[in-house]
Amino acid sequence: MDAEREARIAELAARARPVWAEDRDGGALQEFLKEIGCDGVDAVMVTRQVVGCSLGEAQEMFLTAPCRASELAFHNAFMEALERSQGDA
């Protein structure tokens with residue numbers, strides 16, 4: 001990861017820590033990140049830093065948050081298409 005992106009993630013993590021500290025609610029954290037325009041891989045990386053969890057746990061928190069339903073739907077559709085394409089090979 002380049003230095004600029006690392007700095008951005010660190011800044012977003014600093015902004016998100018109070019939200020997580022308030023009630024340690026992954027859904028509330030994702031809602032906050034979405035509101036401030038932190039999406040995708042950046043949201044997963046910020047979640048990982050703020051929560052202090054593994055990459056897999058951060059991805060799960062991201063994809064299972066109600067406010068991330070469209071991201072989960074895209075992920076599932078992409079994975080299904082990838083699996084179908086593997087069957088055609």
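Suppose we keep only residues that are out of contact with any Leu (no Cβ under 9 Å at 6 or more places or on another chain) and β-branched (Val, Ile, Thr) within segment 1-49. Which one would you say is nearest to MET61 (Cα to Cα)?
Among them, the one singled out is VAL41.
For residues that are more than 9 Å from the chain's Cα centre (by Cα) and polar (S, T, N, Q), scanning just segment 51-69, find the one that is surrounded by the most Cβ atoms within 10 Å (Cβ to Cβ).
Ranking the qualifying residues of segment 51-69, first place goes to THR64.
Could you list, in sequence order, all residues of segment 6-24 that are of a type in the set (Lys, Arg) and more than 12 Å from CYS38 (Cβ to Cβ)?
Result: ARG17, ARG24.
Select from segment 28-78 the residues that are in contact (Cβ under 8 Å) with a residue 12 or more places away in the chain and not in a helix (DSSP H, G or I) and write down the one among them that is farthest from ARG5 (Cα to Cα).
Looking at residues that are in contact (Cβ under 8 Å) with a residue 12 or more places away in the chain and not in a helix (DSSP H, G or I), I get ALA65.
For segment 2-27, give me the residue count where each residue is over 12 Å from ARG68 (Cβ atoms) and in contact (Cβ under 8 Å) with a residue 40 or more places away in the chain.
Number satisfying all stated conditions: 1.
Laboratory data are not the source of any read-out in this text; all were calculated from the coordinates shown. What you see is a predicted model, and the numbers here were worked out from it, not measured in a lab. Here the Cβ is made from the backbone with ideal geometry for all residues, glycine too, and neighbour counts use every protein chain on show.
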